[in-house]
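Data block below; observations after.
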Amino acid sequence: MSRRRIAYVLKSSDLGGSQKYVLELCRRLDRSVYDIEVVTSSGGPLIAELETLEIPVHIVEIPRYGISGLAELRALGALRRLFKARGYQIVHPQNAKPGFLGRLAAKRAGVPIIVFTYHLVPFHEGVAAWKRSIYRRADTWLARHATSHMIAVAHHHRRNLLAQGVCGPDDIEVIWNGLDAPASPPGEEGRRVAKRDRLGCDPDRPVVAYIARLMPQKDPLTYVRTVAACHARGAQAQFLLIGDGKLRADTEALARELALDESKLRFLGERKDVPELLPGVDIYALPSLWEGLPFALLEAMAAAVPSVCSAIPGNDEAIVDGET
């Protein structure tokens, strides 16, 4: 039997949740059945990860923010030409803009199977009302005319899509994100002390860590304000902020404004060894405004690190308040 050629489509080659999702699929799909390729934008660490897995990468610059019109049309044409030239049997875009451009291009290129994953529903509360209306109408049309099947990473998203009339119950299923259990049992004291040393932390004081991109969705500014409030109440914990992104400068400026020097809040930047560092953390903090089913939260849970997270859809499918 000939192998099926499949293309995953992403707008960014940074290592966010949807990129981790695609990486897990690339690692686990049977290569004797599927020829796997990835279409993404240039410049991010995802590309090196895919090269390590010997996954072919095609660069198509899909605009990340806003809607310019011309850039989207260029990306749409590039995707259609690529899909036609490569002869994919399956195209599987991730998230809103690749989902719109990728599905439309795949339909025009005659791709027989088009799958789409909702990591977030694009018409969530963080989006302006007029944009929500446009996104909902576009998704409804695409679901009916340019999608074979859809996946949601959380039950809330599926319920939302059904309630909005985007698709029918047979058109979409929930498949939660998942991770392998850690190779070493979490919580071993010697391992914990070693990780504290790697973080540069005092082994005798609690460690609280924000580990996420510094983006509006993840709301790092609320974390910084919370750190300041904790110190005002005499907290002896060590507070870390691990990650990078477009709000890095704003986050650092707020820390300076609130007199949070390095002894009160340490910025560690982007780290590739987060799963290895988690055993050195006592509390994981994630104050997101909206979520799918975040891999960072699942990583903290797999490492048996208690989490303090915003009570929003997605998070509430992983956490039982006061228990997990």
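Read-outs: derived from the displayed coordinates by stated rules, not from any lab. It should be emphasised that the depicted structure is a prediction, and the values quoted were computed from it without experimental measurement. Positions of Cβ are backbone-derived with ideal geometry, glycine not excepted, and every protein chain shown enters the neighbour counts.
At a glance:
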quantity: Spacing of the two label points (7 Å from each Cα toward its C-beta) at residue 302 and residue 24, in nm; calculated: 0.7
quantity: Loop trypsin sites (Lys or Arg not before Pro), the range 63-172, which have at most 12 other Cβ atoms in a 10 Å radius of their Cβ (DSSP); calculated: 64
quantity: Spin-label proximity, residue 108 to the range 47-65 - amide N less than 15 Å from point 7 Å beyond Cα toward beta carbon; calculated: 61-63
quantity: Cα-based radius of gyration of the range 6-81 once divided by 2.2 N^0.38 Å, which approximates compact folds; calculated: 1.12
quantity: Simple spin-label estimate for residue 84 and residue 162 in nanometres, 7 Å along Cα-Cβ; calculated: 3.9
quantity: For the chain, calculated [θ]222 nm from helices alone, where every DSSP H run of n ≥ 4 adds -39500 (n - 2.57); calculated: -11500 deg cm²/dmol
quantity: Cleavage-rule hits, GluC sites (Glu not before Pro), the range 190-273, DSSP coil, Cβ neighbours within 10 Å at most 13; calculated: 262
quantity: Greater than 19 Å apart at Cα, pairs in 11/246; 20/107; 195/246; 20/218; calculated: 20/107; 195/246
quantity: Hull shadow area, averaged, the range 187-280 [alpha-carbon convex hull, nm²]; calculated: 5.9
quantity: Normalised contact order of the chain, rounded percent, pairs of Cα under 8 Å and 6 or more residues apart; calculated: 13
quantity: Relative contact order (%) - the range 114-155, alpha-carbon pairs under 8 angstrom, separation at least six; calculated: 65
quantity: Residue 204/residue 283 FRET efficiency (R0 22 Å; Cβ-Cβ; nearest 0.05); calculated: 0.90
quantity: Neighbour cut-off at most 15 other Cβ (10 Å), DSSP loop, chymotrypsin sites (Phe, Trp or Tyr not before Pro), the range 92-131; calculated: none
quantity: Projected-area average for the range 252-324 over all orientations - Cα convex hull basis, square nanometres; calculated: 5.8
quantity: 37 °C / 0.692 mPa s Stokes-Einstein diffusion coefficient of the range 4-174, Kirkwood radius on C-alpha pairs, µm²/s; calculated: 203
